[in-house]
Structure formats: C-alpha cells, structure tokens
Amino acid sequence: MIQGIGASSGIAIGKSFVLPNWEWDLPEQKIDVADLAREFERLYEGIRTSKVEIEQMKDELREVVGTEESYIFDAHLAILEDPVFMNEIQGIIQRQYKAAEVAVKEAIDHFVTMFDLLDDEYMKERALDIKDVGNRLLKHLLGAPEITLPSDTQPFILVAKELSPSQLAHLNPNHVLGIATLVGSTTSHSSIMARALGIPLVVGLDTKIEDAIQTGDMLIIDGDTGVVHLDPEAHLIDRYAQQQKQQQEASQRLKGIVSFQPVTQDGKEIELGANISSLKELDIALASGTSGVGLFRTEFLYMDRSRLPMEEEQFEVYRSVAEKLAGRPLIIRTLDIGGDKQLDYFELPEEENPFLGYRAIRICLDKPELFKTQLRAILRASAFGKVKIMYPLISSVEEVQTANSLLSDAKRELVEEGHAYDGDIEVGIMIELPAAVMIADLLAKEVDFFSIGTNDLVQFTLAVDRMNDQISHLYEPYHPAVLRMLKFTVEAAKQAGIHIGVCGEMAGDLKALPIWLALDVDELSMSPHAILPIKERLLSLTQQDSRSLFSEILTCRTSRSIHEMLASFQSMQQSGGNQGSMTTR
C-alpha cells in the first residue's frame, strides 16, 4: 500500500500507463556571434507557435470543463509574455552565446528551483506552470513530438511524476480510469481539472516508488483516502470492486430523490444550495436538484490569468449562472483573495500572518475602484435572476456600511448609464470571525442575510491552522466553543428576522445535519456532490429529535463526547427504518 493525498474522489481499478518524464537532447556547443539574430528569431517563432497551441487547448477545454477552469491557460500565456522570464532567456542567449533551447531549459531550471525552495504551496504550483510552458516551448525549438497516451480504447490508470494542465487537457475522460502522481496538491490546477472531469486522483505519492510502477502493472487508487495499491491480490481487488459497485449503486439510488423537497419527517424544510466556482460545478448541482447557489466563489475569475477581469467579462459569467439557475437564488461572494489565494499580477505585501492580514473585504475597501467594478457586474447580472451579494471576512459594522456605500455609488452610476438591475437586491455577509459572532446582533441590523463560513470560523475560534501538520489534529469543528458560536449566530439572525445559512464544510457533513435542524437554519450550501447524500438523510430525520439531541450536546464538556453522541444518534436513526417513508413523498 502506498499512501498519498486524495485530490479527486472515486475508486479506479485497472492497468497503469506510466507517462515518461520530459527528456531533452540539447546541443552542447556555443553559437557564433553572427548567429544571435537567428537564435532570437527561433525563440520568437517558438513563442508564437506555443501561444497558438495554448489558445487552441483553452478553447477545446472550455467545452469540457467550463469557462473558469479554461482560464488556467491564461496563466500559461502570461508566462510567455512575462518580461522577467523572457529577459532571463534572452540574457543567456546574448551573454553566454547559447542556443535558444539551452537558454530556455536553463531559465526553466532557474525559476523552478527558486520557487521550489519557497515554503509556499502556491509558488510551487507556479513552478509547475513554468515547467509546463517551458517544455512546450522546448518541444517546438527541438522539433520534438508530443508525448502521446495510448491510442486504443482500453481504459487505464495514468501514473506520472507530475501532470501539467496541458497534459491533462489532452486526456479522454472515457479512457482514463484514474490518475496517480508523485507530486502535486489538492489545490493544484491539475487537481481542479480532475475534479471537474470526474476522474479519481491521488497526488503526493512517495518518490521512492517512481521506478516501482511500470506500464501494465495492476493498480487500485482510492481518490477519497489517497491510497494506491500496486499489484493487489485478488481479494483486495474484489473488496474495492465491491466498494466501487456500492458507490455506483448509492449514486444511482440518490438519483431517485433529486425531485424530492428537502423536508424532514415533521415538516422542517431547509434549502440545499451549492458552493461553486464554475459552470461545470453548476451543472452537477442542477443535476442534484439544488435549491440554488449559496456561495459563488468569484476569486477564481481573478486567478490564473494575466490581468484583472473587466466588468463585462464578470457580468457575462454572473449572468450565465443566474440564467441557468432559472429563478433559483444565486449568492455571489465578492472577491476573497489573500491568505493562500494570490494573484500573479496583483502584488500583495509579504506578511508574517497573511490569513490575519490584507485580504478579502479589506483589500476591496482599500481598492474601491476594483471593488466597484465587481459590484457593477453583479448588479447588472441581477436583472437576469435572483442574485444576492455577500461580503466576506467582515469584522465590524463600519466595514458593512462602507461596502454598502460603494454599492450605492455603483447603483447610481448604473442608473445614469441606463443599465438595469434589481433595485431590491439582497446584501449579506459571511460570519467567519469570532468578532462577527460577538456583534451578530448589531450586524444583523445592517444586512438581509448571514451565511456562516465554518472553515474560517473554526480556524479562528481555536487559533488552529488546519494546514499545519503539527497542530491540524486540533482543528475540531465539534468543539464546544464552536457549537456555542454557531448557536449565538443563528439566534441573532432569528431575533432580527433575517435569513441564516451555512456555506462551510460543516454544511455538507452528514454528522452535523441534526445540529443545523436543531438550530433551525434556513439553508445549507455545500459541494454539489454532497447535496443528495444530505437530502437523503434529511428526509429521514425529524427536527424534534434533533432538538432533543442538541440540548444534550450543549451539556457536553469535550469534543469526544459530542462525537460519540452524534455517532450514537446516527446509528440509532439508521436502524430505525425510516427510509421506507421516502417512497411516499
């Protein structure tokens, strides 16, 4: 068994195809001074050809995974236009009299090494982008063929040291059972694309196995647990095949409740919305019977490109989502960058604690023109559906008032220009800071709705960075302090008579569902893939039983006892035979 990191869920069983690493036969001799102009022309021609290829891939990919994921290739185009990268290559040619392909290879190695040394996952992913773009350029300079995948229709599990977006873009999802890579992360471009394509993916495998897996070896990969089995025994194949079959049967069973209203046995209805960042995810959510979009992460419109998105670009995306929802609510979260979300073209200051620093609403209020561009686009899209605006990382009433003042300016401008928008558009905030919880009663007077962002709320309440391996075990969503924070927030919203939803990971956690029922939240917004499992359990619960459970939970002094109580409740509820009542709905 080889342990990696599950980056795209699902099980794959089949024979491997090992993707060869890029290897180049480069000229050793230096060029003559008289040949400098020719080498520069070769470089520029290689850049032009590479750009055309990348644009073609972007257009092809847009049809498969949606517009937002296709923007990954804007970052690749930006590298070919980056003056620092190009100056490095040109300098090597001109000062060291080296051939264009040698200069490109040395520039790639220089930047990749530099980025790999940084203790920053985002920069490590950019190193892979540079390597991908550089290898494409090298291919044209050397006249080398593409590394091709099996041309027959026999499905395979792809194994690679690393997989670039360019390589993944050429895959036929019908031929690829799964993917396993030695390097990579759950937030890499390739992981994002694999999830959009629905291909199981495990990353971060032990580099010692690089030579252990050969093309044709039998593999099992589990994209949920991150486990890879090499040459598994027959009993293990049978076990995973059975698990795979159960997953497929469960998926098929869940399709039968798509049209059911999300309501408990005793009549409590909760909207089940989706967290999305692309039209592809929206399609999955709609197929799952979503009540709407409870969180549209707009930062992905800003990432992996060479410049800020213009108002018209944003408007077209927001309008498309609103129209596809056909009257269902669409909550658009305003730009939430900073922390672990950086922009190549928007220089953010280096900070000791970036998660506590210059990010999200703080950047927007500091850059009002950037903020107003997005607000105008959202407002214009509101004429095409039930659009709502949500501000992230709010910590004070003043921030909400300032943001709303800029929103008023944007509305006034649109009226003067003759643009239509929903004059009654609702405005809400994310509750993800302890400060926001403690003044929830004051904030509720300023907005139309709350959405609890449990990920950051847990992190900030417990002062735990869940990405830090040394303390990640302390990241505990069921900590008594967290549950009290949730209770306090919901009560403040109910007292003010405003809508209250949840959009963090706890919203899609089956274990947490009785808590949300007990608190009487109005909406849960989650990954599109979680909607039907949550709905299935919701149909078999009662709000009355959930309230009784939560009363007992509030007496617990430890997270462990809360987990035990929730597990006991779930076990007892599942053995109660409530599933039969679903068929009568």
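Conditions (1) crowded, with 20+ Cβ neighbours inside 10 Å; (2) modelled with pLDDT under 90; (3) polar (S, T, N, Q), marked per residue:
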| site | (1), (2), (3) |
| --- | --- |
| Lys15 | no, no, no |
| Pro20 | no, yes, no |
| Glu39 | yes, no, no |
| Tyr44 | no, no, no |
| Thr67 | no, yes, yes |
| Ala75 | yes, yes, no |
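Given the criterion touching a Lys or Arg at 6+ places or on another chain (Cβ under 8 Å), charged (D, E, K, R) and in the same structural domain as Arg560 (by TED's automatic domain parsing), identify the matching residue among Arg412, Arg380, Arg376.
Details: Arg412 fails: touching a Lys or Arg at 6+ places or on another chain (Cβ under 8 Å); Arg376 fails: touching a Lys or Arg at 6+ places or on another chain (Cβ under 8 Å).
After ruling out the rest, the residue left standing is Arg380.
Conditions (1) among the basic types (Lys, Arg); (2) assigned to a helix (DSSP H, G or I); (3) out of contact with any Cys (no Cβ under 8 Å at 6 or more places or on another chain), marked per residue:
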{"site": "Phe371", "(1), (2), (3)": "no, yes, no"}
{"site": "Ile378", "(1), (2), (3)": "no, yes, yes"}
{"site": "Val427", "(1), (2), (3)": "no, no, yes"}
{"site": "Asp456", "(1), (2), (3)": "no, yes, yes"}
{"site": "Gln459", "(1), (2), (3)": "no, yes, yes"}
Q: Of the numbered conditions (1) without any contact (Cβ under 8 Å) to a residue 12 or more places away in the chain; (2) in a loop (DSSP other than H, G, I, E, B); (3) within 30 Å of Gly10 (Cα to Cα), Thr555 fails exactly one; give the number of that condition.
A: (3)
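So, Thr207, is that one at pLDDT below 85 and either assigned by TED's automatic domain parsing to the domain that holds Leu163 or touching a strand residue (DSSP E or B) at 6+ places or on another chain (Cβ under 8 Å) (or both) or not? Don't jump to the end; show me each part of the working.
Details: at pLDDT below 85: yes; either assigned by TED's automatic domain parsing to the domain that holds Leu163 or touching a strand residue (DSSP E or B) at 6+ places or on another chain (Cβ under 8 Å) (or both): yes.
Criteria met by Thr207.
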**Q.** Answer residue from the range 330-388, given it is of a type in the set (S, T, N, Q) and modelled with pLDDT under 85 and is surrounded by the most Cβ atoms within 10 Å (Cβ to Cβ) among those
**A.** Gln342
**Q.** Enumeration of residues in the range 269-296 that are modelled with pLDDT of 90 or more and surrounded by fewer than 20 Cβ atoms within 10 Å (Cβ to Cβ)
**A.** Glu269, Glu271, Leu286, Ala287, Gly289
Q) Counting only residues that are over 23 Å from Ile270 (Cα atoms) and among the β-branched types (Val, Ile, Thr), which one in the range 542-573 is surrounded by the fewest Cβ atoms within 10 Å (Cβ to Cβ)? A) Thr555
Q | Where Val490 falls short, out of the listed (1) part of a helix (DSSP H, G or I); (2) surrounded by fewer than 18 Cβ atoms within 10 Å (Cβ to Cβ); (3) not small (Gly, Ala, Ser) | A | (2)
Q | Residues of the range 26-51 satisfying the condition of being over 42 Å from the mean Cα position of the chain (by Cα) and part of a helix (DSSP H, G or I) | A | Val33, Ala34, Asp35, Leu36, Ala37, Arg38
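Among the candidates Ile471, Ile425, Ile452, Ile394, which residue alone is loosely packed, with under 15 Cβ neighbours inside 10 Å, out of contact with any Phe, Trp or Tyr (no Cβ under 6 Å at 6 or more places or on another chain) and β-branched (Val, Ile, Thr)? First the steps, then the outcome.
Working: Ile425 fails: loosely packed, with under 15 Cβ neighbours inside 10 Å; Ile452 fails: loosely packed, with under 15 Cβ neighbours inside 10 Å; Ile394 fails: loosely packed, with under 15 Cβ neighbours inside 10 Å.
The match here is Ile471.
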Q. Name the residues in the range 111-121 that are modelled with pLDDT under 70 and surrounded by 17 or more Cβ atoms within 10 Å (Cβ to Cβ), would you?
A. none
**Q.** Failed condition for Tyr240, given (1) over 24 Å from the mean Cα position of the chain (by Cα); (2) in the same structural domain as Leu375 (by TED's automatic domain parsing)
**A.** (2)
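Here's a check for you: in the range 184-194, which residue that is surrounded by 19 or more Cβ atoms within 10 Å (Cβ to Cβ) and in contact with a helix residue (DSSP H, G or I) (Cβ under 9 Å, 6 or more places away or on another chain) is modelled with the lowest pLDDT? Outline the logic, then answer.
Quick first cut of the range 184-194, residues surrounded by 19 or more Cβ atoms within 10 Å (Cβ to Cβ) only: 184, 188-194.
From what is left, the residues that are in contact with a helix residue (DSSP H, G or I) (Cβ under 9 Å, 6 or more places away or on another chain) are 184, 188-190, 192-194.
Details: Gly184: 74, Ser188: 66, His189: 61, Ser190: 69, Ile192: 66, Met193: 67, Ala194: 77.
Ranking the qualifying residues of the range 184-194, first place goes to His189.
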Q. Would the range 497-512 turn up any residue that is small (Gly, Ala, Ser), surrounded by fewer than 19 Cβ atoms within 10 Å (Cβ to Cβ) and closer than 15 Å to Ile389 by Cα?
A. no
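Looking only at the range 454-476, how many residues end up being closer than 20 Å to Ile515 by Cα and out of contact with any Lys or Arg (no Cβ under 9 Å at 6 or more places or on another chain)? Even if it seems obvious, please write down each step before you answer.
Residues of the range 454-476 closer than 20 Å to Ile515 by Cα: 454-459, 461-462, 475-476.
Now narrow it down to the ones that are out of contact with any Lys or Arg (no Cβ under 9 Å at 6 or more places or on another chain): 454, 456-457, 461-462, 476.
Summing the residues that are closer than 20 Å to Ile515 by Cα and out of contact with any Lys or Arg (no Cβ under 9 Å at 6 or more places or on another chain) in the range 454-476 gives 6.
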Q: Could you tell me which of the residues Pro155, Pro150 is touching a His at 6+ places or on another chain (Cβ under 9 Å) and either over 30 Å from Leu230 (Cβ atoms) or at pLDDT 75 or above (or both)?
A: Pro155
Q: Would you mind finding the one in Glu312, Glu233 that is assigned by TED's automatic domain parsing to the domain that holds Leu539 and exposed (fewer than 14 other Cβ atoms within 10 Å of the Cβ)?
A: Glu312
Q: Please specify each residue of the range 541-585 satisfying the condition of being under 19 Å from Leu254 (Cβ atoms) and modelled with pLDDT of 95 or more.
A: Leu541
Q. Out of all the residues in the range 507-553, which are under 25 Å from the mean Cα position of the chain (by Cα), small (Gly, Ala, Ser) and more than 21 Å from Thr489 (Cα to Cα)?
A. Ser527, Ala530
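Answer with yes or no whether Thr225 is touching a residue at least 12 places away in the same chain (Cβ under 8 Å) and buried (at least 19 other Cβ atoms within 10 Å of the Cβ). Give the derivation first.
Values: touching a residue at least 12 places away in the same chain (Cβ under 8 Å): yes; buried (at least 19 other Cβ atoms within 10 Å of the Cβ): no.
For Thr225, the condition - touching a residue at least 12 places away in the same chain (Cβ under 8 Å) and buried (at least 19 other Cβ atoms within 10 Å of the Cβ) - is not met.
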Q | Of all residues in the range 398-422 being among the hydrophobic types (A, V, I, L, M, F, W, C) and outside any loop (DSSP other than H, G, I, E, B), the one that is surrounded by the fewest Cβ atoms within 10 Å (Cβ to Cβ) | A | Val415
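The values are calculated or read from the model by the stated rules, or taken from the named source; none is laboratory data. Quick caveat, the model's predicted, so the values are computed rather than measured. Backbone-built Cβ (ideal geometry, glycine too); neighbour counts: all protein chains shown.
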